[in-house]
1. How far apart, in nanometres, would the label points at Ser73 and Asp40 be if each is projected 7 angstrom from Cα along the Cα-to-Cβ direction?
2. Got the relative contact order for the chain handy, in percent, Cα pairs under 8 Å and 6 or more residues apart?
3. What percent of all Cα-Cα pairs in segment 5-65 falls into each 5 Å bin, going from 0 up to the bin containing the maximum distance?
4. Which value in deg cm²/dmol, rounded to the nearest 500, describes the helix-derived mean residue ellipticity at 222 nm for the chain, given -39,500 (n - 2.57) per DSSP H run of n ≥ 4 and division by the residue count?
5. For a protection proxy built on the mean count of beta-carbon atoms within 10 angstrom, sort 5-11, 62-68 highest first, please.
6. What part of the accessible area of segment 73-149, given as a whole %, is carbon or sulfur when the probe is 1.4 angstrom?
7. Just to confirm, what accessible area per residue do you get for the chain at 1.4 Å probe, in whole Å²?
8. Separation of segment 1-79 and segment 114-139 by C-alpha centroid, Å?
Amino acid sequence: MTKFLLAVHVLAAIVAVGPVTVAASMFPPAARRALAAPDDTRAAETVRLLHRICRVYAAVGIAVPVFGFFTASAMGVMGDAWLIVSTVLTFLAAIVLVVLVLPRQETLVEGTGTREATVQLAMFTGVFNLLWAVVTVLMIVRPGSTTGA
């Protein structure tokens with residue numbers, strides 16, 4: 001059962017978090033193009049699509065920590081420091097996405113944002129991506145692991 005849970009957890013991370021990190025990273029430059037050419041409907045459609053990808057996959061991404069907790073419980077590592085740090089960083093990444101990234105994207109999708117807002121959004125997106133990168137490394141390295149990895 002542990003291998004199944006771990007496989008679902010990893011697949012959920014790849015399928016859910018991957019698209020959010022890529023789409024969120026593509027959003028600020030796409031928004032800048034849309035702001036520079038307000039009559040370009042294709043640029044506006046791209047911004048809307050990237051925002052929709054971020055929203056949908058953010059919701060799907062809830063499966064990652066859910067299956068992560070099931071997996072950690074089955075592996076008996078719930079109290080390990082690397083898992084606690086990963087959990088805190090995952091929570092912070094979720095907050096950054098829900099509070100700082102998605103609302104700013106929404107403002108830009110509505111056409112009420114500015115070029116300066118895209119710069120700030122790019123920074124918050126970078127923080128979100130960095131948090132996920134650290135969580136990924138912790139999940140691979142697992143300090144104190146007895147697997148020899």
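The values are calculated or read from the model by the stated rules, or taken from the named source; none is laboratory data. None of the values given here were measured: they were computed from a predicted structure. Counting neighbours? That spans all protein chains shown, and the Cβs are built from the backbone with ideal geometry, glycine included. In case anyone asks, the SASA skips ligands and DNA or RNA and just uses the protein heavy atoms, side chains included. Shrake-Rupley method; radii C 1.70, N 1.55, O 1.52, S 1.80 Å.
1. 4.9
2. Once divided by the residue count of the chain, the mean separation gives 30 percent.
3. 4, 21, 23, 17, 13, 10, 7, 4, 2, 0
4. Helix-only estimate at 222 nm: -25000 deg cm²/dmol.
5. 62-68, 5-11
6. Carbon-and-sulfur percentage of accessible area, whole number: 71.
7. Value for the chain: 57 Å² per residue.
8. Value for the Cα centre distance between the two parts: 12 Å.
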